[in-house]
1. Here are B:VAL36, B:VAL26: which of them is β-branched (Val, Ile, Thr) and more than 30 Å from A:GLU67 (Cβ to Cβ)?
2. Can you pull out the residues in the stretch B:1-36 that are outside any helix (DSSP H, G or I), within 22 Å of A:LEU53 (Cβ to Cβ) and either at pLDDT 95 or above or at the interface with another protein chain (Cβ under 7 Å from one of its Cβ atoms) (or both)?
3. Listed residues A:ALA96, A:ALA21; which is over 25 Å from B:PHE86 (Cβ atoms) and open to solvent by 10 Å² or more (accessible area, probe 1.4 Å)?
4. Only helices (runs of 4 or more DSSP H) wholly contained in the stretch B:289-386 count here; list those with 1 or more residues that are open to solvent by 40 Å² or more (accessible area, probe 1.4 Å) and either within 30 Å of B:TYR56 (Cβ to Cβ) or more than 14 Å from every other protein chain (Cβ to nearest Cβ) (or both).
5. Of the residues that make up the stretch A:62-69, is at least one open to solvent by less than 10 Å² (accessible area, probe 1.4 Å), within 26 Å of the chain's Cα centre (by Cα) and not aromatic (Phe, Trp, Tyr)?
6. Exactly one of (1) modelled with pLDDT under 90; (2) over 30 Å from B:LEU153 (Cα atoms) is unmet by B:GLU252. Its number?
7. For B:LEU55, state whether it is more than 7 Å from chain A (Cβ to nearest Cβ) and open to solvent by less than 10 Å² (accessible area, probe 1.4 Å).
8. Could you please let me know if A:ALA142 is closer than 24 Å to A:ALA228 by Cα, assigned to a helix (DSSP H, G or I) and among the aliphatic types (A, V, I, L, M)?
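The values are calculated or read from the model by the stated rules, or taken from the named source; none is laboratory data. This one's a predicted model, so the numbers in the text were calculated from it and none came from an experiment. Cβ atoms come from the backbone with ideal geometry, glycine included; neighbour counts cover every protein chain shown. Note: accessible area is taken over every heavy atom of the protein model, side chains too, but ligands, DNA and RNA are not part of it. Shrake-Rupley method; radii C 1.70, N 1.55, O 1.52, S 1.80 Å.
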2 protein chains.
Amino acid sequence: MSSPSQHAFQAPTGTRDFYPAELARVRYVQDAWRRVSLRHGFDEIDGPTFEHLELYTVKSGEGIVSELFSFQRFSGEKTYALRPEFTPTLARLYAAKANSLARPTKWFWQQTCFRAERPQRGRLREFLQWNADILGDDSPRADAELIACCADLLRELGLTPEKVKIRISHRGAVESLLLNKGVERETLPKWFPLLDRAGKLSNDDFIAEAGKLGMPPPIAVELLRAMALSTPFENPTTELMLSEQAGGRGPEYFRALFAELKAAGVADWCVLNLGIVRGLAYYTGMVFEVHEASGKERAIAGGGRYDTLIELFGGPLTPAVGFGMGDVVLSLVLQDNSLFPADAEIAKRLGTRPDVFVISNGTDAADGAVAPLLAALRHAGFHARRSYKATKNVGKLLKDATTAGLGGVGARFVVIVESGAAATVKNLESGHQHPEPIPLNQLVGYLRS
Amino acid sequence: MSSPSQHAFQAPTGTRDFYPAELARVRYVQDAWRRVSLRHGFDEIDGPTFEHLELYTVKSGEGIVSELFSFQRFSGEKTYALRPEFTPTLARLYAAKANSLARPTKWFWQQTCFRAERPQRGRLREFLQWNADILGDDSPRADAELIACCADLLRELGLTPEKVKIRISHRGAVESLLLNKGVERETLPKWFPLLDRAGKLSNDDFIAEAGKLGMPPPIAVELLRAMALSTPFENPTTELMLSEQAGGRGPEYFRALFAELKAAGVADWCVLNLGIVRGLAYYTGMVFEVHEASGKERAIAGGGRYDTLIELFGGPLTPAVGFGMGDVVLSLVLQDNSLFPADAEIAKRLGTRPDVFVISNGTDAADGAVAPLLAALRHAGFHARRSYKATKNVGKLLKDATTAGLGGVGARFVVIVESGAAATVKNLESGHQHPEPIPLNQLVGYLRS
């Protein structure tokens, strides 16, 4: 064994260690992701943690390579990359079985992703991601159904339409807006990356960049204004804005989408914002991002329609719409808004609270009965813990029972073994103590009732 | 976008794609891992998917590098490796906070691991692993407590002591056995890897390899016999065997361990087998492996005591005992024994069965009421699905309700929207249909009761 150097004892830059309390907060978020996905009728899928590098360059071009953790087993072998996102794997899975899958197919996924970028607030090199996708349905209803699932997650975690907004746009509407401002159709592919970065640029820098693409400063200012405008769908100016700027192409879609969002009960979360374009090249229609209303943190989630991607991966032409949500920004937003329950409350909600804490009254007969009793309780499905302390001070041990588990949540019951045959049982929630000791072989039945 | 080549559309060698039914079987196993860990009082932790390469070479030597997926971000930067196992990360986490952690600390973990080996039956390049560890307790009771948790998982999944055996050994007892056979103490480190491979060698090959280490063939045959012997702990020959061969060192420990295994109700799963040595260099005491009684598949699980590892990672000297169980061999054993429930049954147990399937009677008013009703049901926490078919044939739609969800499990209730105001509700489990339509705004309350 070689002598260890210091860095071996720290997590790699941009990754996280999770002790029980920290992991419980992650599980709290993941549990909500799963619960909301299921109740909206999505089925869970999964794939490899790493894929052939080409799976990512096919979709995103060679430019993505610098953002990936890639590796070979030996020189000349195929190159792999840790997944930066799940959508290419999903497209591969769908394309391989497209003919036997239901229409629509609704899939969700939640695992880790990896980006080789500089860690900063809201961005890590390893993070958890939740995806939900609807494949085989090109209707505005499917778009609204997906957005409703996203909104339900936000509500599930205690967020409200006042704190968080779902900003919705459409690639076609943004194209029309640009064409309307005199942009040549051939230069559109250069405009989307600029628009996607606009929020991070000063107005002057944006105007300068737009100038390089041939747009006069006064028009660039108009464009900036149009992009900054967030309007509720029911606002009369919305349709007017779309009619004028999208040349009659946008309003019909947005009118239908809004009706579906209203029917799904989530219209109050949603605003129209043509500043949302999403950087990824594969979006073909509606796009959206979820932001804090204050604009404080990065985007909480983002997604949209990608009707050509399944075909690119060898499947039939298949309409598709989906979104991804990472755990890092979401957790910051929940912290900003004091929406994480206390650790003890999380233990209750996740079902990790101990059911029973077993202590001995200190006699040899009772000591000897603890292990078989624990075995019987666990066999019956109870989460049973014991004291490991050498003390025979029952008062101290009782205190351990009331603080056992995550965040000191305490066990639901304490069982004090009084002999080889019977135990005193107290309900720590109600304070009720059963009047006489209960025979050990009847304890499981007693606790079940 | 470059033109895709064929290999981009397949999972990398030795990794798996999981469509919903396949993933549900994995979740069924993971759910049992989690449930059993919790009820035995283990808290969950997690760490990065990749670590600094040195974290693994410190523990296992440079020899492990060829079995790792390792990578650098750019030339000269630190080298990372995908985790081949979790124990080094656990040791790093424990060492960093040893002084503030409870004694004992009981941790479990379940995620993916990666080995760059040739895929074969029972071995993949990416697999799921469950670990449970008890740190800070050097007693045979802790060893038994750990083994009891492992046995409870086997029982939870329907395995029995007739089908599966926990083969227990001890590094010290094996050392004594070897010294007793004339092995020089200095050569012991060369013997453990050979003993670990013994099951994969023919007797002749083992005798030849032992000869290279200086052991005469008749003694090697005796050694093989001793290693092949699996005896129940209560068998009188067991103590005799240990007394003779372990020079009086083994029996006391095994006597204490057996008493604890009996108290924990798992003695019938356990046999003594000095052929178990575990290849990893860091074990210091008791070691065990779980095998099918038939010996058909590879080891289902393995672990043991590693009392010096925490110190090696910069922590205080800390007794520790743990085991790991992968999903691949376990799943093969469950299949061999027909112990996987049907997909529909798995859906029920995992709670992924749809609660409600909503269909419309085909009128415009009913069609328009479906989306708001779905939203209300999901908001109330129900797993609600709908029909996406264009048909107005209620009979066909009812059939979809009875086969919705994984494995055609079917929804618990079907709701047929009759108008904008009311719906017929039928319990698909009992066949009971509520006599008159229920107002839509009372449906959530009705389904809750």
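1. Values: B:VAL26 fails: more than 30 Å from A:GLU67 (Cβ to Cβ).
Answer to the check: B:VAL36.
2. From the stretch B:1-36, those outside any helix (DSSP H, G or I) are B:1-5, B:10-19; that's our starting set.
Then drop every residue that is not within 22 Å of A:LEU53 (Cβ to Cβ), which leaves B:1-5, B:10-18.
Residues satisfying the conditions are B:MET1, B:SER2, B:PRO4, B:SER5, B:ALA11, B:PRO12, B:GLY14, B:THR15, B:ARG16, B:ASP17, B:PHE18.
3. Numbers: A:ALA21 fails: over 25 Å from B:PHE86 (Cβ atoms).
It is A:ALA96.
4. Details: elements: B:309-312, B:327-336, B:343-350, B:364-379.
Per the criteria, B:309-312, B:327-336, B:343-350.
5. Taking the stretch A:62-69 first, the residues open to solvent by less than 10 Å² (accessible area, probe 1.4 Å) are A:68-69.
Narrowing the set further to residues that are within 26 Å of the chain's Cα centre (by Cα) leaves A:68-69.
Right, trim to not aromatic (Phe, Trp, Tyr) and you get A:68.
Yes, that holds for at least one residue.
6. For B:GLU252, the failing item is (2).
7. Judged against the criteria, B:LEU55 is not a match.
8. Values: closer than 24 Å to A:ALA228 by Cα: no; assigned to a helix (DSSP H, G or I): yes; among the aliphatic types (A, V, I, L, M): yes.
The answer is no for A:ALA142.
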